[in-house]
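Participant: Take this structure first; my questions come after.
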Amino acid sequence: MIKAILIFNNHGKPRLIRFYQYFAEDMQQQIIRETFHLVSKRDDNVCNFLEGGSLIGGSDYKLIYRHYATLYFVFCVDSSESELGILDLIQVFVETLDKCFENVCELDLIFHMDKVHYILQEVVMGGMVLETNMNEIVAQVELQNRMEKSEVSSH
């Protein structure tokens, strides 16, 4: 199961945080800092999996991440998840963001947070993977966009 999805920039500033397991706010902030510290100090040519930090489950959990341009996409998962499956899921999520925002960048995550959360909910809900087909996810996002536009034009 996916326990948390964290996206932060190269300076450790959170851009999207989604916990699927309850942690108090101050504990969430500590987890974010520790996770950033763990993944940001790693070389770009090393494996993209590592044991979870001391705050989020230790050896029972894995941090699986990808570093794209200025953003780290980190999925914290338990041992029931496949590392390669999650790496593929991160790739699908990023490619979907790319398709929806035409070359996604950090500013898209800041200024279109609602849309980014909607896309994430099409991929993962409650810590479970829902959809891995990028075309299906994009179709749902486009449907949502059309519905929003029709609501705006009808008012």
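Participant: Taking the simple approach of a point 7 Å from Cα along Cα-to-Cβ for both VAL129 and ARG18, what is their distance in nm?
Facilitator: A separation of 1.4 nm, rounded to one decimal place.
Participant: Here's something else I'd like to know. Given the -39500 (n - 2.57) contribution per DSSP H run of 4+ residues, what per-residue ellipticity at 222 nm results for the chain, rounded to the nearest 500 deg cm²/dmol?
Facilitator: Values: 5 runs with 73 residues, N = 155.
Estimated from H runs of four or more residues: -15500 deg cm²/dmol.
Participant: Rounded to the nearest whole Å², what accessible area per residue is found for the stretch 2-153 with the 1.4 Å probe? Intermediate values should be presented prior to the final figure.
Facilitator: Details: 8100 Å² over 152 residues.
Here the per-residue accessible area is 53 Å².
Participant: Given the convex hull of the Cα atoms of the stretch 2-153, what is a quarter of its surface area in nm²?
Facilitator: Numbers: hull surface 37.1 nm².
Mean projected area for the stretch 2-153: 9.3 nm², to one decimal.
Participant: Here is a further query. Could you pull out every residue, at least 5 positions away or on a different chain, whose amide H is within less than 5 Å of the one on TYR68? Hs are placed 1.01 Å off N in the peptide plane, and Pro or chain starts have none.
Facilitator: For TYR68, the qualifying residues are PHE73.
Participant: Next question. Taking H as built 1.01 Å from N, whose amide H comes closer than 5 Å to the amide H of GLU51, not counting residues under 5 places away?
Facilitator: LEU63
Participant: Compute the distance from the alpha-carbon center of the stretch 45-95 to that of the stretch 136-155, in whole Å.
Facilitator: Using only Cα atoms, the two centres lie 31 Å from each other.
The values are calculated or read from the model by the stated rules, or taken from the named source; none is laboratory data. In this text the structure is predicted, and so the values were computed from the model without any measurement. Don't worry about glycine lacking a Cβ; one is built from the backbone with ideal geometry, like all the others, and counts go over all protein chains shown. These accessible areas exclude ligands, DNA and RNA; they are computed on the full protein's heavy atoms, side chains included. Shrake-Rupley method; radii C 1.70, N 1.55, O 1.52, S 1.80 Å.
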